[in-house]
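See structure below.
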Amino acid sequence: MIGVFDFGSGGLTVMRAFESVLPDEQFVYLGDHGNAPYGNDAVDDIHDLTQAAITRLFKYGCSLVIIACNTAVATSLQRLQQTWLPEVYPDRKVIGVVAPVAEQIAKATCDDPVQSVAVFATQHTVQSNIFALQISHRRPAIKVYQQACQGLALLIEQSAPEDVVRNEIRNHINALLNAAPHVPDVCILGCTHYPIVEHLWRSELPDSMRLISQSNAAAESLVEYLKSNPRFSSARAGGNTFLTTGDVETVSQRASLFYGARVAFSSIDV
């Protein structure tokens, strides 16, 4: 089984993309709604919560876990991969959803050049500089401009009124554009919650900026990863599983916003 982890429901956008390209794989989604939002917590607290959730997925039977939360990737993935996994779970793997976006940008051709990128994300993701580092590692010449969108993920998670969300998005876009020397070529929605209101982003962004789909990039990357690492691939045995540390009924009702259909979550402790 393949685990997919997010602090809330945003990772369901990634889960849906995984299911689309890998319909025969068995997935287990874990949303740590009971401890959300991670974006406001201290880095060490986020790391501990992330490690606890991944441990629970391993114990559930997953051999590969994808962290579908950019904040958790930014604060925890490298530490988990370099120290914890080799010592405690040497036969398991944890990967994230940031590198696939950087890889897609780096593959841009001369006919479709990318010289600058705008990243909108949580405070921790921006402070970690993870998108800029991942992009620079592959294409050092690309300029990356970032804007922290404090509280936006929570507004989306709580289904805030559209005009409230739109106003927040507009303010963050204006702040980035005022700070950047020119309009960036590409926009990365650096939080898996943000694509839920992609129509608001598109209506507020300059027409010349194109959006990169993190979910699609992550799905394409997972397909290639499983080709190279077939031992993590497993045939689907029945339906996929959805777990939450929060209130089952509330999480199940709100999940349709991210997943496109009602999802029956089950309760789990981490």
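The values are calculated or read from the model by the stated rules, or taken from the named source; none is laboratory data. Worth saying up front: this structure is predicted, and the values here are computed from it rather than measured. Glycine also receives a Cβ, built like all others from the backbone with ideal geometry; neighbour counts cover every protein chain displayed. Side chains are part of the model used for accessible areas, which takes the heavy atoms of the whole protein and leaves out ligands, DNA and RNA. Shrake-Rupley method; radii C 1.70, N 1.55, O 1.52, S 1.80 Å.
Give me the extension gain from Gln127 to Ala175: residue separation times 0.36 nm, minus the current Cα-Cα distance, reported in nm with one decimal.
Residue separation times 0.36 nm, minus the Cα-Cα distance, leaves 15.7 nm.
Around Gly8, what is the net charge, scoring Lys/Arg as +1 and Asp/Glu as -1 over all other residues with Cβ under 12 Å from its Cβ?
-2
So what is the calculated 222 nm ellipticity per residue for the chain, using -39500 (n - 2.57) for each DSSP H run with n of 4 or more, over all residues, to the nearest 500 deg cm²/dmol?
Computed ellipticity for the chain at 222 nm equals -12500 deg cm²/dmol.
Considering only the other residues whose Cβ falls under 14 Å of the Cβ of Val165, what net charge follows from Lys and Arg at +1 and Asp and Glu at -1?
In short, -3.
Relative contact order for segment 1-127 using alpha-carbon pairs under 8 Å, separation at least 6, rounded to a whole percent?
Working: 158 pairs, mean separation 35.7, N = 127.
Here the relative contact order equals 28 percent.
Between Gln146 and residues 5 or more places away or on another chain, which pairs have amide H atoms under 5 Å apart, with H built 1.01 Å from N, and which residues are they?
HN-HN under 5 Å from Gln146: Val119.
Apply the Kirkwood formula to segment 118-233: the hydrodynamic radius equals the inverse of the mean of 1/r over all pairs of different alpha-carbon atoms; give it in Å with one decimal.
Every distinct Cα pair counted, the radius reaches 15.3 Å.
Taking Lys143 as the anchor, which lysines have their alpha carbon closer than 25 Å to its alpha carbon, excluding any fewer than eight residues away along the same chain?
Within the straight-line cut-off, Lys143 pairs with Lys107.
Expressed in nm², what is the orientationally averaged projection area of the convex hull enclosing the Cα positions of segment 1-75?
About 4.5 nm², averaged over all directions.
Would you mind telling me which residue in Gly239, Gly190, Gly96 has the biggest mean-square fluctuation in a Gaussian network model of the chain, where springs connect alpha carbons within a distance under 10 angstrom?
Gly239
Between Ala160, Ala106, Ala219, which gets the highest mean-square fluctuation from a Gaussian network model of the chain, Cα cutoff 10 Å?
Evaluated over the chain, the most mobile residue of the options is Ala160.
State, in angstrom, two size descriptors of segment 54-101 derived from its alpha carbons: Rg to one decimal place and Dmax to the nearest whole number.
Taking only Cα atoms of segment 54-101, I get Rg and Dmax of 10.4, 29 Å.
Return the carbon/sulfur percentage of the accessible area of segment 15-158, one whole number, probe 1.4 Å, all protein chains in place.
About 47 percent, which is the carbon plus sulfur part of the accessible surface.
Leaving out ligands and nucleic acids, and using a 1.4 Å probe, what accessible area per residue does segment 186-237 come to in Å²?
Result: 45 Å² of accessible area for each residue.
Determine the sum of side-chain charges near Glu220: Lys and Arg each +1, Asp and Glu each -1, restricted to other residues whose C-beta is under 13 angstrom from that of Glu220.
Taking every Cβ under 13 Å from that of Glu220, the sum is 0.
Tell me the angle of helix 248-259 to the major Cα principal axis of the chain, expressed in degrees between 0 and 90 and rounded to the nearest ten.
Helix 248-259 sits at roughly 50 degrees to that axis.
Using a Gaussian network model of the chain whose springs link C-alpha atoms within less than 10 Å, name the residue from Leu57, Leu85, Leu30 with the highest mean-square fluctuation.
Largest GNM mean-square fluctuation: Leu85.
Taking H placed 1.01 Å from N in the peptide plane, check which residues at least 5 places from Gly3 or on another chain put their amide H under 5 Å from its amide H.
HN-HN under 5 Å from Gly3: Val28, Ser63, Leu64, Val65, Ile66.
Across bins of 10 angstrom width beginning at 0, how are the C-alpha pair distances of segment 119-162 distributed, in whole percent?
Per 10 Å bin, starting at 0, the Cα pair percentages come out as 28, 41, 22, 10.
If Met209, Met1 are ordered by their accessible area, calculated over protein heavy atoms with a 1.4 Å probe, which sequence runs from highest to lowest?
Sorted descending by solvent-accessible area, the residues read Met1, Met209.
If ligands, DNA and RNA are left out, what is the accessible area of Arg166 with a 1.4 Å probe, given in Å² to the nearest 10?
Spelled out: Arg166, probe radius 1.4 Å, area about 60 Å².
Can you work out D for the chain in µm² s⁻¹ from Stokes-Einstein, where Rh is the Kirkwood radius over C-alpha pairs, the temperature is 37 °C and the viscosity is 0.692 mPa s?
Translational diffusion coefficient: 176 µm²/s.
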